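Everything on this sheet refers to the single structure shown next.
The values are calculated or read from the model by the stated rules, or taken from the named source; none is laboratory data. Fair warning: this is a prediction, and the values are worked out from it, not measured in the lab. Cβ sites come from the backbone with ideal geometry, for glycine too, and all protein chains shown count toward neighbours. Accessible surface is based on the protein model in full, side chains and every heavy atom, while ligands, DNA and RNA are left aside. Shrake-Rupley method; radii C 1.70, N 1.55, O 1.52, S 1.80 Å.
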Amino acid sequence: MQTLAELSRQLAERKTTSRDLVERALAQIADPAGEGARTFIAVDAEGARAAADLVDLQRKRGRQVSALAGIPFSSKDIFDLAGEVTTAGSKVLKNDPPATADATAIARLKHKGLIVIGRTNMTEFAYSGVGLNPHYGTPRSPFDRATGRIPGGSSSGAAVSVADGMVALGIGTDTGGSCRVPASYCGIV
């Protein structure tokens with residue numbers, strides 16, 4: 001797993017491209033032997049590729065971009081993403097109207113050029129610290145996949161997406177340990 005600083009340096013030194021980082025993330029998510037299907041509720045492959053190509057073009061043309069521009073990240077399914085339905089890990093909200101704007105945290109990351117790759121699974125309505133989700137499955141902790149150990153919650157998918165190297169950054173929320181618990185259960189910061 002590479003740090004944000006390492007990825008930023010590789011992008012700045014042209015040792016990799018944003019498109020390559022996005023393709024690697026998508027491959028990790030789609031790997032049938034991995035946790036991608038339980039970790040992500042939705043993936044926006046086309047949107048991520050388009051955003052990556054834009055960042056790569058800006059770098060190629062010598063435009064000044066932020067140090068983290070072009071790095072893919074995951075977004076907990078509790079954050080609004082413009083044009084998408086925010087289900088908060090529940091089937092009850094799946095027919096709600098799509099969000100009209102990005103949540104502030106997401107908008108700020110996008111403004112800096114980071115690329116949202118998809119929505120991560122979570123405990124339904126963020127009401128549990130264990131990470132279980134009866135509707136979308138439960139991503140398994142990297143420490144014992146065979147047994148199916150819990151990843152902690154409520155930001156379970158965010159933690160597993162980082163722990164498994166699907167992304168270098170996962171955005172979650174923390175009211176009573178919802179980021180801290182999954183981070184500890186998955187061995188990440």
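GLY118 passes every criterion in (1) within 17 Å of ILE41 (Cα to Cα); (2) small (Gly, Ala, Ser); (3) modelled with pLDDT under 95 apart from (3).
Note on region 78-128: residues that are open to solvent by less than 50 Å² (accessible area, probe 1.4 Å), under 21 Å from PRO139 (Cβ atoms) and part of a loop (DSSP other than H, G, I, E, B) amount to 13. Counting the residues of region 28-74 that are more than 14 Å from the chain's Cα centre (by Cα) and of a type in the set (A, V, I, L, M, F, W, C) gives 11. Here is the figure for region 35-67: residues that are assigned to a loop (DSSP other than H, G, I, E, B), open to solvent by 60 Å² or more (accessible area, probe 1.4 Å) and touching a helix residue (DSSP H, G or I) at 6+ places or on another chain (Cβ under 8 Å) total 1.
In region 131-144, is there at least one residue being of a type outside the set (Gly, Ala, Ser) and part of a strand (DSSP E or B)?
Checked region 131-144: no residue is of a type outside the set (Gly, Ala, Ser) and part of a strand (DSSP E or B).
Counting the residues of region 113-169 that are hydroxyl-bearing (Ser, Thr, Tyr) and within 30 Å of THR17 (Cα to Cα) gives 5. Considering only residues that are of a type in the set (Ser, Thr, Tyr) and open to solvent by less than 10 Å² (accessible area, probe 1.4 Å), look in region 129-168 and name the one that is nearest to the chain's Cα centre (by Cα). Within region 129-168, the match that is nearest to the chain's Cα centre (by Cα) is SER161.
Residue by residue, here is whether (1) of a type in the set (A, V, I, L, M); (2) touching a strand residue (DSSP E or B) at 6+ places or on another chain (Cβ under 7 Å); (3) at positive phi holds:
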{"position": "THR3", "(1), (2), (3)": "no, no, no"}
{"position": "ALA25", "(1), (2), (3)": "yes, yes, no"}
{"position": "GLN28", "(1), (2), (3)": "no, no, no"}
{"position": "ALA48", "(1), (2), (3)": "yes, yes, no"}
{"position": "GLY62", "(1), (2), (3)": "no, no, yes"}
{"position": "VAL65", "(1), (2), (3)": "yes, no, no"}
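For region 175-189: of the residues being open to solvent by 60 Å² or more (accessible area, probe 1.4 Å) and part of a loop (DSSP other than H, G, I, E, B), which is farthest from LEU114 (Cα to Cα)? Looking at residues that are open to solvent by 60 Å² or more (accessible area, probe 1.4 Å) and part of a loop (DSSP other than H, G, I, E, B), I get GLY176. ARG145 meets the conditions (1) out of contact with any Lys or Arg (no Cβ under 7 Å at 6 or more places or on another chain); (2) farther than 27 Å from ALA5 by Cα; (3) free of Cβ contacts under 8 Å to residues at least 40 places away in the same chain in every case but one. The failed one is (3). Of the numbered criteria (1) among the small types (Gly, Ala, Ser); (2) within 14 Å of the chain's Cα centre (by Cα); (3) over 19 Å from LYS76 (Cβ atoms), the one SER8 fails is (2). PRO134 - would you say it is touching a residue at least 12 places away in the same chain (Cβ under 8 Å) and of a type outside the set (Gly, Ala, Ser)? For PRO134, the condition - touching a residue at least 12 places away in the same chain (Cβ under 8 Å) and of a type outside the set (Gly, Ala, Ser) - is not met.
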